[in-house]
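Visitor: Encoded as structure tokens, here's the structure I'll be asking about.
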Number of protein chains: 2
Amino acid sequence: MYSIGNLAKLSNSTVRTLRYYDEIGLLTPSQLSEGGHRYYEEQDVIKLQYIKILKEIGFSLITIREMLEHQHLSHKDALTMQLKVLEIEKERIEEQSRSIRYLLQLSEFEELANWKDVFDRIPMNPSSTNTEVYERIWKNYFSKEEVQLFKDLPKIGDNDETIQVYISLINDIRQNLNIDITSSKAQDLASRYIELLEKDFKGDFQLAEKVWNKQKEVKDGLGFYQFDPAIVDFIEKAIVHYFTVNAKGQ
Amino acid sequence: MYSIGNLAKLSNSTVRTLRYYDEIGLLTPSQLSEGGHRYYEEQDVIKLQYIKILKEIGFSLITIREMLEHQHLSHKDALTMQLKVLEIEKERIEEQSRSIRYLLQLSEFEELANWKDVFDRIPMNPSSTNTEVYERIWKNYFSKEEVQLFKDLPKIGDNDETIQVYISLINDIRQNLNIDITSSKAQDLASRYIELLEKDFKGDFQLAEKVWNKQKEVKDGLGFYQFDPAIVDFIEKAIVHYFTVNAKGQ
DNA sequence: ACTTGATTCTAACGTTACGTTAGGTTTTAT
DNA sequence: ATAAAACCTAACGTAACGTTAGAATCAAGT
């Protein structure tokens with residue numbers, strides 16, 4: 001026989017919660033005193049444990065009430081439905097996270113200073129479902145295997161370290177736009193960029209070059225991030241010089 | 001110059017929403033008629049687009065108001081903070097999903113019929129953080145490499161097809177407990193079980209056997225799922241016979 | 001039995017972002 | 001001028017409580 005306060009303490013709950021559960025018919029006390037005080041039995045304690053478990057895995061109180069009292073829903077159906085609800089919610093969160101990362105990374109690529117800059121730069125829909133659109137474009141210029149490789153290229157918004165590496169490199173380039181292409185600093189930047197290309201294109205520099213050129217030719221681009229012209233210029237010159245000096249055969 | 005209804009239509013929003021935004025100071029109309037009607041300008045249309053984008057990625061309206069009007073928060077800080085919020089929320093969902101899958105899979109392993117059965121079978125805390133506890137136990141009996149391999153073994157609650165394969169097999173075994181161990185059916189079941197062991201233990205049948213025996217010796221088990229004794233018995237006999245007949249050297 | 005402190009009671013307001021209903025006023029088009 | 005459409009404010013609802021207020025009840029000690 002427990003008072004409401006004792007039950008609250010016993011079950012790591014609150015008096016308010018228990019009153020609310022009584023109000024909605026989820027957990028009604030076994031007895032009421034003449035003065036209206038609520039008293040609970042051992043079976044109520046156990047029921048409250050069940051309620052807490054179900055609540056913890058995400059069920060609403062109304063659903064819990066249905067499940068515990070009327071049992072219209074089988075446990076499997078209820079669990080399966082709730083899993084579906086959680087999956088939809090997870091998708092929403094992942095999509096939101098992707099959009100936020102997109103904005104953050106875009107912000108760093110272009111050194112966007114404030115919200116106005118960010119909003120001005122946002123395309124209509126910062127979603128990654130545009131990949132399907134670009135796939136159709138890629139098919140016009142590249143083989144099936146090449147298109148497949150593009151799908152794995154780092155994209156802005158990915159939850160991946162690679163983009164950070166690009167961001168770091170692009171920022172370094174941006175701060176060194178005016179240095180001599182032949183300097184060791186410029187060549188270091190070129191080397192770093194080539195290393196990323198090698199990784200992304202699995203060593204296929206011809207494909208990398210083809211993409212780079214097509215990206216400039218095709219009217220709306222190929223869906224790959226479009227660097228600032230000054231940076232494009234720097235990269236081209238630095239890489240040409242790098243390969244000239246190192247005579248890597250390319 | 002737009003009326004509230006026109007703006008609502010133009011921006012795929014509702015009159016109620018726009019009134020609420022006015023009420024909380026998020027988007028106030030540029031003009032009010034004598035009669036109290038709200039009229040909005042082009043800049044308000046643009047601002048509403050910004051609001052919608054931020055709302056879509058999960059920011060609360062109050063936060064959006066702060067960001068757009070006072071700009072105390074840099075866009076990077078706000079986006080980073082929101083990403084953290086989403087990550088915490090995602091963790092919660094993943095944990096909840098794991099618990100639900102645990103219950104579903106447990107339910108199928110043991111053919112639990114209703115909620116009472118489920119609750120009776122639930123250990124204190126159906127969390128997978130118990131792995132750390134079991135790791136300490138494993139270290140007493142197994143090498144470091146072996147313990148590492150255990151971490152990758154399928155666990156109840158995993159979002160993985162393997163458990164389903166186990167469930168299917170265990171259910172088949174349960175329905176054939178009384179057949180002759182030497183029958184082709186029993187041997188088929190044994191074969192299927194061995195196939196799973198081979199995959200899980202990377203072909204190391206000696207380790208699999210060691211685990212199987214230790215699981216029975218150690219007082220509270222090793223943290224691997226403990227089959228019903230009748231099923232344990234069946235598996236042992238069927239596998240022994242399988243290897244005897246096929247003389248695989250084990 | 002009486003007193004006092006602890007516990008409990010109900011009522012009500014708050015939280016977020018609107019949807020919905022009601023009754024009255026304003027705007028717009030003919 | 002008239003009528004229809006659009007708009008206004010007020011208020012209640014949604015889920016799951018936390019918080020405050022003022023009054024009543026319970027339990028323990030004398």
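Every read-out reported here was derived from the displayed coordinates using simple, explicitly stated rules and does not represent laboratory data. Since the model is a prediction, treat every value here as computed from it, not as a measurement. Methodologically, a virtual Cβ is constructed for each residue, glycine included, from the backbone with ideal geometry; neighbour enumeration extends over all protein chains shown.
Residues are listed down the side, and each one gets a yes or a no for (1) within 15 Å of DNA strand D (Cβ to nearest atom); (2) more than 19 Å from A:Ile122 (Cα to Cα):
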site: B:Arg19; (1), (2): yes, yes
site: B:Asp22; (1), (2): yes, yes
site: B:Gly36; (1), (2): yes, yes
site: B:Glu41; (1), (2): yes, yes
site: B:Ile51; (1), (2): no, no
site: B:Ile57; (1), (2): no, no
site: B:Glu66; (1), (2): no, yes
site: B:Gln71; (1), (2): no, no
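Visitor: Right, here's the next one. Considering only residues that are over 38 Å from the mean Cα position of the chain (by Cα) and within 8 Å of DNA strand D (Cβ to nearest atom), which ones fall in the stretch B:8-17? Don't jump to the end; show me each part of the working.
Guide: We begin by selecting, within the stretch B:8-17, every residue over 38 Å from the mean Cα position of the chain (by Cα); these are B:8-10, B:15.
Correct list: B:Ala8, B:Val15.
Visitor: State whether one or more residues within the stretch A:17-27 are within 14 Å of chain B (Cβ to nearest Cβ) and farther than 24 Å from B:Glu89 by Cα. Steps first, please.
Guide: Let us first name the residues in the stretch A:17-27 that are within 14 Å of chain B (Cβ to nearest Cβ), namely none.
No: the stretch A:17-27 contains no residue that is within 14 Å of chain B (Cβ to nearest Cβ) and farther than 24 Å from B:Glu89 by Cα.
Visitor: So, of the residues in the stretch B:102-115 that are buried (at least 19 other Cβ atoms within 10 Å of the Cβ) and in contact (Cβ under 8 Å) with a residue 24 or more places away in the chain, which turns out to be farthest from the other protein chains (Cβ to nearest Cβ)?
Guide: Here the residue is B:Phe109.
Visitor: I'm told B:Phe59 meets every condition in (1) surrounded by 13 or more Cβ atoms within 10 Å (Cβ to Cβ); (2) touching a residue at least 40 places away in the same chain (Cβ under 8 Å) except one. Can you identify the failing condition by its number?
Guide: For B:Phe59, the failing item is (2).
Visitor: Within the stretch B:173-250, which helices (runs of 4 or more DSSP H) (wholly inside it) include 2 or more residues that are surrounded by 13 or more Cβ atoms within 10 Å (Cβ to Cβ) and within 27 Å of the chain's Cα centre (by Cα)? Don't jump to the end; show me each part of the working.
Guide: Numbers: elements: B:184-200, B:205-217, B:229-246.
Counting at least 2 such residues, we get B:184-200, B:205-217.
Visitor: From the residues in the stretch A:11-30 that are within 11 Å of DNA strand C (Cβ to nearest atom) and touching a residue at least 12 places away in the same chain (Cβ under 8 Å), which one is surrounded by the most Cβ atoms within 10 Å (Cβ to Cβ)?
Guide: Selected residue: A:Leu18.
Visitor: B:Ala78 passes all but one of (1) within 14 Å of DNA strand D (Cβ to nearest atom); (2) within 9 Å of chain A (Cβ to nearest Cβ); which number fails?
Guide: That leaves (1) as the condition not met.
Visitor: Evaluate the following for A:Lys47: is it surrounded by 18 or more Cβ atoms within 10 Å (Cβ to Cβ) and away from DNA strand D (no atom under 11 Å from the Cβ)?
Guide: Details: surrounded by 18 or more Cβ atoms within 10 Å (Cβ to Cβ): yes; away from DNA strand D (no atom under 11 Å from the Cβ): yes.
So A:Lys47 passes the test.
Visitor: Next question. May I ask you to list pairs of residues, at least six apart or on different chains, whose Cβ atoms are under 6 Å apart, with the first in the stretch A:180-209 being within 12 Å of A:Ile235 (Cα to Cα) and the second being of a type outside the set (D, E, K, R) and not in a helix (DSSP H, G or I)?
Guide: These pairs meet every condition: A:Ala186/A:Ile179.
Visitor: Next up: Report yes if A:Ser168 is of a type in the set (S, T, N, Q) and more than 27 Å from the chain's Cα centre (by Cα), otherwise no. Give the steps one after another, and end with the answer.
Guide: Details: of a type in the set (S, T, N, Q): yes; more than 27 Å from the chain's Cα centre (by Cα): no.
Answer is no for this residue.
Visitor: Tell me whether the stretch B:82-91 contains one or more residues that are within 13 Å of another protein chain (Cβ to nearest Cβ), farther than 21 Å from A:Gln105 by Cα and under 28 Å from the mean Cα position of the chain (by Cα).
Guide: At the first step, the residues of the stretch B:82-91 found to be within 13 Å of another protein chain (Cβ to nearest Cβ) are B:82-91.
Remaining after also requiring farther than 21 Å from A:Gln105 by Cα: B:89, B:91.
Of the ones still in play, those that are also under 28 Å from the mean Cα position of the chain (by Cα) are B:89, B:91.
Yes, that holds for at least one residue.
Visitor: Go through (1) within 11 Å of chain A (Cβ to nearest Cβ); (2) out of contact with any Gly (no Cβ under 8 Å at 6 or more places or on another chain); (3) assigned to a helix (DSSP H, G or I) for B:Glu146 and report which single condition fails.
Guide: It is condition (1) that B:Glu146 fails.
Visitor: Can you find a residue in the stretch B:60-68 that is facing chain A (nearest Cβ under 10 Å), on the phi < 0 side of the Ramachandran plot and more than 16 Å from DNA strand C (Cβ to nearest atom)? Don't jump to the end; show me each part of the working.
Guide: Step one: list which residues in the stretch B:60-68 are facing chain A (nearest Cβ under 10 Å), which gives B:67-68.
Add one more test, that the residue is on the phi < 0 side of the Ramachandran plot, and what stays is B:67-68.
Narrowing the set further to residues that are more than 16 Å from DNA strand C (Cβ to nearest atom) leaves none.
No: the stretch B:60-68 contains no residue that is facing chain A (nearest Cβ under 10 Å), on the phi < 0 side of the Ramachandran plot and more than 16 Å from DNA strand C (Cβ to nearest atom).
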